[in-house]
């Protein structure tokens, strides 16, 4: 009985099926989803033809609304309409209080140190709110692509620390998305313009959104994207442009400064319309009540220049942090809707001395870059032409005596990376120990961000100083930290309990998933079964490909038999209805196939180094 | 390769202090193209984990071989010589020279022309660092591990001093 068909390389046993993958720009003000279809990346519109989904979630007593409909309720129902939730991702309750009046919500401390917001639907945390936005985008993607998504690339600001990245990933998990990679927003923008194809270069990504400004300086050297520096202003954006023009109208029309909300709104609408009209016209007519006047481009430039100056000062600081001058920058990329304003383009061009890339819609460029990367990662496209090596944005360290930090992994280290550190016990018979991990560049623990506290248990009792615990800190390709520990002399691995400083533990996520199912009246068991089946399919497919490639070469006959039996058992479990059984079979197959996977890695290295290593070593 | 190979074997390089930097860079990219977790993003969790461990190892190997001090320490470690962080060289003349260089570093800001003073000091430190690297390469190639160890301790001193010089250079630039 042939359970396994081994085909010639290049001939797959089934017709090649295109995977469904999307790129998601989860923004502070707006979010959007894009995908690659018939060779080109494009943003996906909703049924009304709208591409942009405002990052707004309204919690009613019995329903949750996301997007423009939610944002429109902000005026009438501010406490239940959550805007700019991205600012709260991975933040603690203390951080949130420091944002002050910017966020008018009622906060309560959550169990995990995360802020919870009181709403009509009960308390919600930022991860749950972001998950609601992601669900809408995932749904949109699934509808456009005709089925459940196989994976998504989600973008995050380059300066996001571990807690903020983890929170984003948790939100995706809560929304039922498989995250292929968290990608830095400026890197995604550079990818959208194909700048990753160049050998070397220095790139500035100027990102001016509705309410935030970010500047990132990237260095590209043969496929390695390194974030050299980031800077910006979290309270500066196109909305400020509108306010500047609105105040000018108010002043010209003699309205005074004490205006009611509806007048302010009317002025802001006129200001925004004028700003947009001046992108095409030399001059625009304005009126309010009896007042009538013209605003031309030069007039608007004079109003906006002080604000644009602020962004250029941030550029200057970022360049200085990167030890560069403006004329060394080879490429400038514009991101964010506010870079449509002509005056912004002129000033940026003038400052960097070169014409910025602006052909791709600046609202969509990040999502498009993410979609291109998602298409490669999910396996639709050969990855030869796109490899992004990212770096860790902030140093990781641990707390030592006296509240000082000891840096373990310096910033700008290429990830993934693993660093081992040895610790010893300081008391006789000590069986547990705590490690506090922080992120940041400062010397004092209190000036860095607390990431997590790890508690090691199960250290074999020995005299003080005899136990040597080797703790390995690993940062994966998404920039996320994990920790493992082992006592060296006994080989006993210590148990680790992680207490994220501002985040969710696995149990929290499981509970929230339950709650969200209950809310959506979805069958929890059916969902769990479906997820187990998807993972089973992934494991089977990936092993089939591997066996086809070099199963015959790397496996003994009995090993191959064993694998085939375990695969068949998993197939049977997959077709049955028991999620636990599927997980057991996956686990069994994974364990059995581990030596094969390791041999495959070794074989790949041998292949990669062919022509180098052997002859040079035999000399 | 496997995780048990030496870093030099991993990159197909001779275990010597002088390495072909272009070859190192080229093979690093080649290995990353093979093992970066992105290549395994659509694979099973287990394979992703394995790829991450390999990629992390490749990054660590690259970092070690690229940096002269780390490379020297690694060569000695392969030869069975471990240097603990508390150890220091017993070469009194060298230590005296280090103290004087450090004093000059501290006094740079008080000089009439700090930029010129730091340039001159930087040049000198870089020269000493380069000379010591050549010395390490020679004694290590000759199999003199004791001299190699002493040379590594000096390299550590000089690289730290060089870093401090660079930091001050940056600070001084920032003042203008």
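For region B:160-171, the count of residues that are in contact with a helix residue (DSSP H, G or I) (Cβ under 7 Å, 6 or more places away or on another chain), closer than 19 Å to residue B:93 by Cβ and assigned to a helix (DSSP H, G or I) is nonzero. Taken together, the criteria place residue A:314 among residues that are touching a strand residue (DSSP E or B) at 6+ places or on another chain (Cβ under 8 Å), touching a residue at least 24 places away in the same chain (Cβ under 8 Å), surrounded by 15 or more Cβ atoms within 10 Å (Cβ to Cβ) and under 30 Å from residue A:214 (Cα atoms).
Residues that are surrounded by fewer than 22 Cβ atoms within 10 Å (Cβ to Cβ) and without any contact (Cβ under 8 Å) to a residue 40 or more places away in the chain number at least 1 in the following strands (runs of 3 or more DSSP E) confined to region A:138-244: A:200-208, A:213-221. Among the residues of region B:74-94, just one is closer than 24 Å to residue A:484 by Cβ, at pLDDT below 90 and touching a helix residue (DSSP H, G or I) at 6+ places or on another chain (Cβ under 8 Å), namely B:82.
Taken over region A:30-44, residues that are in contact (Cβ under 8 Å) with a residue 40 or more places away in the chain and not in a strand (DSSP E or B) amount to 1.
Of the residues B:71, B:109, B:134, the single one that is surrounded by fewer than 17 Cβ atoms within 10 Å (Cβ to Cβ) and at pLDDT 90 or above is B:134.
Restricted to region A:82-94, and to residues there that are surrounded by 15 or more Cβ atoms within 10 Å (Cβ to Cβ) and out of contact with any helix residue (DSSP H, G or I) (no Cβ under 6 Å at 6 or more places or on another chain), the residue that is modelled with the lowest pLDDT is A:93.
Residues checked against (1) more than 13 Å from residue A:605 (Cβ to Cβ); (2) more than 8 Å from chain A (Cβ to nearest Cβ); (3) in contact (Cβ under 8 Å) with a residue 24 or more places away in the chain:
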position	(1), (2), (3)
B:18	yes, yes, yes
B:43	yes, no, no
B:46	yes, no, no
B:51	no, no, no
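For region A:395-412, the set of residues classified as modelled with pLDDT under 85, touching a helix residue (DSSP H, G or I) at 6+ places or on another chain (Cβ under 9 Å) and at negative phi consists of A:400 only. For region A:534-558, the candidate set comprises residues that are away from chain B (no Cβ under 13 Å), surrounded by fewer than 16 Cβ atoms within 10 Å (Cβ to Cβ) and out of contact with any helix residue (DSSP H, G or I) (no Cβ under 9 Å at 6 or more places or on another chain); within that set, the residue that is farthest from residue A:603 (Cα to Cα) is A:558.
I need the full set of residues from region A:106-128 which are surrounded by fewer than 20 Cβ atoms within 10 Å (Cβ to Cβ) and modelled with pLDDT of 75 or more, in order please. A:106, A:107, A:108, A:118, A:120, A:121, A:122, A:123, listed by residue number.
The values are calculated or read from the model by the stated rules, or taken from the named source; none is laboratory data. Given the structure is predicted, the values throughout are model-derived calculations rather than measurements. Don't worry about glycine lacking a Cβ; one is built from the backbone with ideal geometry, like all the others, and counts go over all protein chains shown.
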